[in-house]
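The next block holds one structure in the form of structure tokens; read it before the comments.
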Amino acid sequence: MALTGLRSTHAVCTHVERLLDPEPPGYPTAYQLLLRQRDAALPVLGTVSAGFPSPADEELTDTMSLDDYLIGNKEATYILKVNGESMLGAGILPGDMLLVERGAEPRDGDIVIAQVDREWTMKFFRRRGRRVFLEAANQDFKPIFPTEELQVAAVVRAVIRKYA
Amino acid sequence: MEPLTLASFPRAILHIDGDAFFASCEQSRRPKLQGRPVVTGKERGIAASMSYEAKARGVTRGMRISDIRKLCPDAVILPSDYETYSLLSKRFFAIVRRYTPDVEEYSIDECFADLTGLRRLLRMSYLKIAERMKKELDTELGFTFSVGLAPNKVVAKIASKWQKPAGLTAIPGRELHHYLAKLPVEKVWGIGPNTTAFLHKHGIRTALEFAQRPEAWVKRYLSKPFFQIWQELNGHYVFELALGEHETYYTIQKVKTFTPASSDRAFVFAQLAKNIENACIKMRKYKLATQRVVMFLRTHEFRDFGLEVDLSGPTQFPNDILHAVNPAFEELFSPATAYRATGVILSKLTEAYYGQLDLFGEAIRMQRLSNLYESVDTLREKYGKHTVFLGASFLAHQSAQHDGERGHLPERQRQLLPGETTRKRLGIPMFLGEVH
């Protein structure tokens, strides 16, 4: 009511209802109220105690879903089930699920999925000057120096381990 | 040679086509398959899609798997994984929509997009936009697309086919005649064998010869759709893009093969009932009702026998359809024959509406069925397809659809993540194969 400067609740209500109308007669669209539904949003921080007036709705406008948190480029993200042990040293276990992004430019230190001898391989991507190579997290594996162009298929963005 | 038109891109229409879409979806997620002949459709017994390596060996769409094994013994034959193909198809359209909202989803693996007027906004030429889009599609989906840029849909189709696979061809209006001169007229989208034969009789062999015919001649001898094609071949924009996702259907069709072939009356009927249930699920999803049903049985010798049944009123429910179809089934079914597939086509679709009252309590019955199926659909959404089904289709749910079902199950469904079930999985495509 303070916003509109009107004293009658009914008058305010009528105005708001018109703004909610998707095609308001005579109102410019810029003044429409946007009702956005955010589904599956999880709070990042904080708890609400019972018994106090709850500011929950306002506080939750700036939260994101797990999907938004984990996935950057939605169209380029794939899942991969780990079945080898080459990344044990990086804390990635057989059975873990990875979210990988296809076509992303790898940076030094990224874990990448590369294509070597018609198989997927998961390694650290290393860049030393103009030279690039792949390095395993496991001491038993030797680093791979590509003879031709290195085919990095995807960059690992997240590791998910669900304890079912 | 005279140009047909002087304007390059009065409209800028793209046609984008996924190269060997299903087979490419498989190759891109499993590096072992790259460079090898790959065929999908194992579960149906015929090729649904084949990689370019398989095409080069003479494998064609619809070829029997048994014939493919003889022709190309090293072919990798995989069951179709429509779930994954659909996920990738949605991504394909989403990537195109990064550039323009005007996208026609023509089929699972091709679309049209209108770029007209976007040059200034994106600060790129139409060709540059098409290049960018293609690069994002190729890298983010992991296989190649063929792209055609032209002033209209008919020419955009010609352009995307010009250098398939992985090509990008732009045909500006002023260069159109060079391309049409090299194109046999039957290769033009929409010109079928009959029209081709007619045009040949008049000495028209190339698309250019057709485009150069005077308007009066075309109008006199051909019907409106061909006049429109003629206009587009002359560089005009006639065929509008059908925007938005697939919103409605004129017919709904469900066909399912089962192996081994069967001559068990109850079992074959159960297969038909299952198809009818599936068709009804789709119908209810789009809030449609049917008034005409075609049912057919396919024998193990690939011969189809079908009958058409008209319903007394529009319905969305398998109960009504089964009741109406039962006599037709009895008429067609011969116990001496083995069947390998059943199918149903629902047509005369209208918007579902049960407002009309009548003397015989039909409206009340419909209301009850409607309540019942609302619950059935809620259960399906929560627990997966066929959580509850009709007794009539019981036998079809008892056994696997195919002999040795495990071999026919897409690998994604055998690679379940913790918490996933055979009914529900994460809606994100998966990389397959060993990771070293």
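Remarks
- In region A:105-156, the residues that are of a type in the set (Lys, Arg), in a strand (DSSP E or B) and away from chain B (no Cβ under 12 Å): A:Arg126, A:Arg127, A:Arg128, A:Arg131
Residue-wise test of (1) of a type outside the set (Lys, Arg); (2) in contact with a strand residue (DSSP E or B) (Cβ under 6 Å, 6 or more places away or on another chain); (3) surrounded by 20 or more Cβ atoms within 10 Å (Cβ to Cβ); (4) more than 30 Å from B:Lys42 (Cβ to Cβ).
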residue	(1), (2), (3), (4)
B:Thr84	yes, no, yes, no
B:Ala94	yes, no, no, no
B:Glu110	yes, yes, no, no
B:Thr116	yes, no, no, yes
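- Residue list for region B:128-143, restricted to those being more than 13 Å from chain A (Cβ to nearest Cβ) and either surrounded by fewer than 17 Cβ atoms within 10 Å (Cβ to Cβ) or of a type outside the set (A, V, I, L, M) (or both): B:Lys128, B:Glu131
- Flag for A:Val100 being at the interface with chain B (Cβ under 8 Å from one of its Cβ atoms), aliphatic (A, V, I, L, M) and touching a residue at least 24 places away in the same chain (Cβ under 8 Å): yes
- Residue within region B:317-335 that is within 22 Å of B:Asn371 (Cβ to Cβ), touching a Phe, Trp or Tyr at 6+ places or on another chain (Cβ under 7 Å) and modelled with pLDDT of 90 or more present: yes
- Matching option when the condition is in a helix (DSSP H, G or I), at pLDDT 85 or above and more than 27 Å from the chain's Cα centre (by Cα), among B:Ala392, B:Ala363: B:Ala392
This table checks each residue for (1) in contact (Cβ under 8 Å) with a residue 40 or more places away in the chain; (2) touching a Leu at 6+ places or on another chain (Cβ under 7 Å); (3) over 24 Å from B:Lys164 (Cα atoms); (4) within 14 Å of another protein chain (Cβ to nearest Cβ).
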position	(1), (2), (3), (4)
B:Thr5	yes, yes, yes, no
B:Leu33	yes, no, no, yes
B:Ala54	no, no, no, no
B:Arg69	no, no, yes, no
B:Val76	yes, yes, no, yes
B:Leu88	yes, yes, no, yes
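- A single member of B:Glu301, B:Glu331 is among the acidic types (Asp, Glu) and in a loop (DSSP other than H, G, I, E, B), and it is B:Glu301.
- Residue match in region B:81-90 (condition: closer than 22 Å to B:Pro10 by Cα and part of a helix (DSSP H, G or I)): no
- Single unsatisfied condition, A:Ser86 versus (1) closer than 25 Å to B:Glu140 by Cβ; (2) of a type in the set (Gly, Ala, Ser); (3) within 14 Å of another protein chain (Cβ to nearest Cβ): (1)
- Within region A:87-122, tally of residues that are closer than 24 Å to B:Gly35 by Cα, among the charged types (D, E, K, R) and surrounded by 15 or more Cβ atoms within 10 Å (Cβ to Cβ): 3
- Selection status of B:Lys274, within 27 Å of B:Gly45 (Cα to Cα), touching a residue at least 24 places away in the same chain (Cβ under 8 Å) and crowded, with 19+ Cβ neighbours inside 10 Å: yes
- Matching residues, region B:206-247, being surrounded by fewer than 14 Cβ atoms within 10 Å (Cβ to Cβ), in a loop (DSSP other than H, G, I, E, B) and not hydrophobic (A, V, I, L, M, F, W, C): B:Pro214, B:Ser223, B:Glu240, B:Glu245, B:His246, B:Glu247
- Taking the numbered list (1) out of contact with any helix residue (DSSP H, G or I) (no Cβ under 9 Å at 6 or more places or on another chain); (2) under 22 Å from B:Gly142 (Cβ atoms) in turn, A:Tyr163 passes all entries but (2).
- Residues within region B:177-205 that are assigned to a helix (DSSP H, G or I) and over 30 Å from the mean Cα position of the chain (by Cα), tallied: 5
- Scan of region A:67-83 for residues that are facing chain B (nearest Cβ under 7 Å) and in a helix (DSSP H, G or I), ordered by number: A:Glu75, A:Ala76
- Looking only at residues of region B:395-435 that are more than 30 Å from B:Arg265 (Cβ to Cβ) and acidic (Asp, Glu), we find that the one that is modelled with the lowest pLDDT is B:Glu434.
The values are calculated or read from the model by the stated rules, or taken from the named source; none is laboratory data. As the structure is a prediction and not an experimental result, all values here were calculated from the model. Because the Cβ atoms are built from the backbone with ideal geometry, glycine has one as well, and the counts that use them run over all protein chains shown.
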